[in-house]
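These notes are about the structure you will find just below.
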Amino acid sequence: MALDAQDNAGHGLGQRLSYTHGGPGLRITKEERWPLKFLDYVMESPIRAAVVNGGATLVNVPDPGRFALHKLITAVERRATEHTKRDKDLAQAGELLSLLAAERPGDLALAYEALAERGKGWVKRIEKAERALRRAGPEAADVVRTLVEA
């Protein structure tokens, strides 16, 4: 199995993406590409983490605070037909937000600052997500409300 992606840093519009799994490669042409919305925010400041798989390998992973806020945004941006994925995104974001608020509140604050610097549209999406999250998990919604009001 091989995955090859290039030039995805900007807006998720890469020059080449191919995937091979035990057979001929699947090539996605320029006309078939789609932007991965909001991915640039979550990928902007990765952190190093160890993957333990019989040994240890250092990898770049998204900052947990940015990942949680990204989950919120993608949840409220989903189409109505994707309600199962939306609910899953909200639940995952809620769990992570609650944990980060207790264990790493500074990281969460920095992630929200970076998001707010991207403009009012981003903040409005988080506010919309907070309302959706309130129905799913009031404790996590309170965390988001605190960030927005700070």
Some residue of the range 89-99 being assigned by TED's automatic domain parsing to the domain that holds Leu69 and loosely packed, with under 14 Cβ neighbours inside 10 Å: no
Inter-residue pairs, beta-carbon under 9 Å, first at negative phi and in the range 52-71, second of a type in the set (Lys, Arg), 6+ apart: Leu58/Arg48; Val59/Arg48; Asn60/Arg48; Val61/Arg48; Pro64/Arg104; Gly65/Arg104
Scan of the range 63-87 for residues that are outside any helix (DSSP H, G or I) and crowded, with 20+ Cβ neighbours inside 10 Å, ordered by number: Asp63
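The values are calculated or read from the model by the stated rules, or taken from the named source; none is laboratory data. Computed from a predicted model, the values in this text were never measured in an experiment. Positions of Cβ are backbone-derived with ideal geometry, glycine not excepted, and every protein chain shown enters the neighbour counts.
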